[in-house]
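Novice: Have a look at the structure that comes next, please.
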Ligand code: UD1
């Protein structure tokens, strides 16, 4: 019987972390010499549901549509988490997979993990192996919903796949046995490396008017200097004063650049609610220093914009890693990061959320950008390592459950 692996995605940053695992499973099946195929079932919780936050990522990542869509949508943390749990349990019971793979730190991650940790698939109480991809990252800031999701998910998972060495230390300090933990690299970087060539062909620079020179003379066209901004963390955008302090931090510092700001739906709502529309440009104005709003962008367009930016300013977790891999200077508008390798090895600096801190971090990164390297094992092969370990662990588990001799590959 084929090994069955269920993979859960829910929110925008999940899609690029899961896509390489699906690809690695397909590659495993294609190159098969033995009779050990792997079947995968992709479940989308629907935490993110709009075309710009979800559908476009499936197209860009060449990810087949989900097998199951729970259609959960938005709500408070409790509502969203509870609704995912209620809708996910019958799917898990029906599909009865050997393993469940969850990625990242969003509400979908903890909700599905919690269901799988307590489920009984048969009268013996069998449950799937639970594998957490991106385990062990810690901001040590329990006011972040994602930190709660990370800690809880790690403590009830069976296999913990770590993206950076620091995560191994965090998990050891929390008493998680080393044999559960596997340092495999970063599947988000697998996606980035796999899609980089296609991202270079994106027309987004043209569409945003960021190319200068005659349209029919490609050899003489150059990219205008621009910075790229993303902000969506509730702690940064849900309070008017905090949000304004951050926007003030950009004012007057980025004198020679336009700032491109693809706006997350949460942030869009706050800009309208707080009456801040006049702080931003919505047209194609290239007044230096202007902050120009765009819709949320697809994966390839966003990667193209990141790769060509003079500077990226963000409060996202994943973008800190992607800019490190691309060698683009990054200013993170947060007091902490759960991704210290981007600071120690990569191109990231932490600015905090105060106006002056942001100003000085931006000035430093523009005048003398941090030159970074790429963290260990961020080599595009993380998902292949994960699938190999999952396959072996599933076979071992089946061997133990049937009472047969343990199969070790
Ligand atoms: C979630 C994750 C966060 C991740 C982020 C990336 C949690 C706790 N947070 O935050 O870790 O960095 O996604 O985007 O899981 N909305 C739309 N269209 C959509 C999805 C959302 O308009 O497709 C709106 C919702 O109505 C909601 C807001 O955006 O008001 C926020 O969505 P939500 O899923 O609550 O969390 P995020 O802030 O996106």
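Novice: Read through the list (1) without any contact (Cβ under 8 Å) to a residue 24 or more places away in the chain; (2) more than 16 Å from the ligand (Cβ to nearest atom), then give the number of the only condition that residue 198 fails.
Specialist: Here residue 198 meets the rest and fails (1).
Novice: Now for a separate question. Of the residues 230, 187, only one is under 24 Å from residue 335 (Cα atoms) and touching a helix residue (DSSP H, G or I) at 6+ places or on another chain (Cβ under 7 Å); which? Let's see the steps before the verdict.
Specialist: On the way: 187 fails: under 24 Å from residue 335 (Cα atoms).
When all the criteria are applied, what remains is 230.
Novice: If you don't mind, another one. What are the pairs, 6+ residues apart or on separate chains, where a residue within the range 267-284 that is part of a helix (DSSP H, G or I) has its Cβ under 6 Å from a residue that is at pLDDT 95 or above and away from the ligand (no atom under 16 Å from the Cβ)?
Specialist: 279/247
Novice: Also, quick follow-up: Of all residues in the range 306-332, which are more than 17 Å from the chain's Cα centre (by Cα) and either under 20 Å from residue 14 (Cα atoms) or in a loop (DSSP other than H, G, I, E, B) (or both)?
Specialist: Across the range 306-332, the qualifying residues are 309, 310, 327, 328, 329.
Novice: Would you tally the residues in the range 171-194 being over 25 Å from residue 392 (Cβ atoms) and buried (at least 20 other Cβ atoms within 10 Å of the Cβ)?
Specialist: 1
Novice: Which residues, taken from the range 110-128, are in contact with a strand residue (DSSP E or B) (Cβ under 7 Å, 6 or more places away or on another chain) and more than 16 Å from the ligand (Cβ to nearest atom)?
Specialist: First, pick out the residues of the range 110-128 that are in contact with a strand residue (DSSP E or B) (Cβ under 7 Å, 6 or more places away or on another chain): 112-113, 116-117, 128.
Matches in the range 110-128: 116, 117, 128.
Per-residue answers, yes or no, for (1) touching a strand residue (DSSP E or B) at 6+ places or on another chain (Cβ under 8 Å); (2) surrounded by fewer than 17 Cβ atoms within 10 Å (Cβ to Cβ); (3) at pLDDT below 95; (4) farther than 24 Å from residue 132 by Cα:
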| position | (1), (2), (3), (4) |
| --- | --- |
| 348 | yes, no, no, yes |
| 364 | yes, yes, no, yes |
| 377 | yes, no, no, no |
| 384 | no, no, no, no |
| 401 | no, yes, yes, no |
| 404 | no, yes, yes, yes |
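Novice: Is there a residue in the range 23-41 that is within 16 Å of the ligand (Cβ to nearest atom), within 29 Å of residue 301 (Cβ to Cβ), in contact (Cβ under 8 Å) with a residue 60 or more places away in the chain and in contact with a helix residue (DSSP H, G or I) (Cβ under 7 Å, 6 or more places away or on another chain)?
Specialist: So in the range 23-41, the residues within 16 Å of the ligand (Cβ to nearest atom) come out as none.
No, that holds for no residue.
Novice: Is it the case that residue 320 is out of contact with any helix residue (DSSP H, G or I) (no Cβ under 6 Å at 6 or more places or on another chain) and surrounded by 18 or more Cβ atoms within 10 Å (Cβ to Cβ)?
Specialist: Numbers: out of contact with any helix residue (DSSP H, G or I) (no Cβ under 6 Å at 6 or more places or on another chain): no; surrounded by 18 or more Cβ atoms within 10 Å (Cβ to Cβ): yes.
The answer is no for residue 320.
Novice: Taking the range 86-109 as the region of interest, how many residues are within 16 Å of the ligand (Cβ to nearest atom) and either closer than 28 Å to residue 339 by Cα or buried (at least 24 other Cβ atoms within 10 Å of the Cβ) (or both)? First the steps, then the outcome.
Specialist: Going residue by residue through the range 86-109, those that are within 16 Å of the ligand (Cβ to nearest atom) are 87-88, 102-109.
Going one step further and asking which of them are either closer than 28 Å to residue 339 by Cα or buried (at least 24 other Cβ atoms within 10 Å of the Cβ) (or both), we end up with 88, 102-109.
Looking only at that region, the number is 9.
Novice: Only one residue in 77, 48 is touching a helix residue (DSSP H, G or I) at 6+ places or on another chain (Cβ under 7 Å), at negative phi and loosely packed, with under 15 Cβ neighbours inside 10 Å, so which one is that? Walk me through it before giving the result.
Specialist: Details: 48 fails: loosely packed, with under 15 Cβ neighbours inside 10 Å.
Result: 77 is the single residue among 77, 48 that is touching a helix residue (DSSP H, G or I) at 6+ places or on another chain (Cβ under 7 Å), at negative phi and loosely packed, with under 15 Cβ neighbours inside 10 Å.
Novice: Mind listing just one residue for me: the one in the range 129-147 that is surrounded by fewer than 24 Cβ atoms within 10 Å (Cβ to Cβ) and closer than 20 Å to residue 5 by Cβ and, of those, nearest to the ligand (Cβ to nearest atom)?
Specialist: 130
Novice: Go over the candidates 247, 242 one by one and state the one that is within 16 Å of the ligand (Cβ to nearest atom), over 30 Å from residue 196 (Cα atoms) and assigned to a helix (DSSP H, G or I).
Specialist: On the way: 247 fails: within 16 Å of the ligand (Cβ to nearest atom).
Result: 242 is the single residue among 247, 242 that is within 16 Å of the ligand (Cβ to nearest atom), over 30 Å from residue 196 (Cα atoms) and assigned to a helix (DSSP H, G or I).
Novice: Turning to a different aspect of this structure: For residue 289, indicate whether it is in a helix (DSSP H, G or I) and under 22 Å from residue 329 (Cβ atoms). Spell out how you get there, then give the answer.
Specialist: On the way: in a helix (DSSP H, G or I): no; under 22 Å from residue 329 (Cβ atoms): yes.
Here the answer is no, as residue 289 does not meet what is asked.
Novice: Identify, please: which residue in the range 148-175 is part of a helix (DSSP H, G or I) and in contact with a strand residue (DSSP E or B) (Cβ under 7 Å, 6 or more places away or on another chain) and is, among those, nearest to the ligand (Cβ to nearest atom)?
Specialist: To start, the set of residues in the range 148-175 that are part of a helix (DSSP H, G or I) comprises 148-155, 165-173.
After this cut, where a residue has to be in contact with a strand residue (DSSP E or B) (Cβ under 7 Å, 6 or more places away or on another chain) as well, the list is 153-154, 165, 167-168, 171.
On the way: 153: 12, 154: 16, 165: 23, 167: 17, 168: 23, 171: 20 Å.
Out of the qualifying residues, it is 153.
Novice: Got a sec? Which of 48, 44 is without any contact (Cβ under 8 Å) to a residue 40 or more places away in the chain, within 11 Å of the ligand (Cβ to nearest atom) and farther than 25 Å from residue 197 by Cα?
Specialist: Values: 44 fails: within 11 Å of the ligand (Cβ to nearest atom).
The conditions single out 48.
The values are calculated or read from the model by the stated rules, or taken from the named source; none is laboratory data. Just so it is clear, the structure is predicted and the values come from calculations on it, not from any experiment. In this analysis, Cβ positions are derived from the backbone assuming ideal geometry, glycine residues included, and neighbour counts consider all displayed protein chains.
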